[in-house]
1. Return the residues of region 89-117 that are modelled with pLDDT of 95 or more, at negative phi and surrounded by fewer than 16 Cβ atoms within 10 Å (Cβ to Cβ); say none if nothing qualifies.
2. Checking the structure you have, find out if any residue of region 107-118 is within 22 Å of residue 27 (Cα to Cα) and free of Cβ contacts under 8 Å to residues at least 40 places away in the same chain.
3. From the list 64, 54, pick out the single residue that is buried (at least 17 other Cβ atoms within 10 Å of the Cβ), of a type in the set (Val, Ile, Thr) and in a strand (DSSP E or B).
4. Go through region 81-101 residue by residue and tally those that are within 13 Å of residue 115 (Cα to Cα), within 15 Å of the chain's Cα centre (by Cα) and not in a helix (DSSP H, G or I).
5. Determine, yes or no, whether residue 96 is within 15 Å of residue 35 (Cβ to Cβ) and either in contact (Cβ under 8 Å) with a residue 40 or more places away in the chain or touching a helix residue (DSSP H, G or I) at 6+ places or on another chain (Cβ under 7 Å) (or both).
Amino acid sequence: MRVTVGILVAMLLAVAPAWAHHSFAAEFDATKCSDITGILTKVAYENPHSYVWVDVKDASGKAVSNTFQLSSPSNLKRGGATYGVLNGSVGKEVLVRGCASRNGEANRYAASFIKLPDGAIQRVGQDVEGIFGTKIWR
């Protein structure tokens, strides 16, 4: 009996991360996407999602940090957006396509693409708008 209970507990713990996962639409609004330009300040390769932070100047000229949720590290690596590629642009100006947080949390986005200082475009999330390959994103 103890072995059976132990196996059941182990199985429940193994699937716990799946309970926490969510869809894009549950957290972000695909009707509120925009291009945001600023200075890339930090890159974090984490599971289940990676993140980048971009400082954008507000109307008074003060730098405001914006957080962009990206895809998983394995998806980023497969697409060429390795940690080294993204981290190599820290301190430089980038353009990020991001969709705003659904709950109204300021300066929090899901990113679909990032344009690096050398002009390279990296797909870093879902293309919920279907704009990849359009004039600005090619």
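1. 90, 92, 93, 117
2. Looking through region 107-118, at least one residue is within 22 Å of residue 27 (Cα to Cα) and free of Cβ contacts under 8 Å to residues at least 40 places away in the same chain.
3. Details: 64 fails: buried (at least 17 other Cβ atoms within 10 Å of the Cβ).
Every option except 54 fails the conditions.
4. 6
5. On the way: within 15 Å of residue 35 (Cβ to Cβ): yes; either in contact (Cβ under 8 Å) with a residue 40 or more places away in the chain or touching a helix residue (DSSP H, G or I) at 6+ places or on another chain (Cβ under 7 Å) (or both): yes.
Judged against the criteria, residue 96 is a match.
The values are calculated or read from the model by the stated rules, or taken from the named source; none is laboratory data. Source: prediction; values computed, not measured. Here the Cβ is made from the backbone with ideal geometry for all residues, glycine too, and neighbour counts use every protein chain on show.
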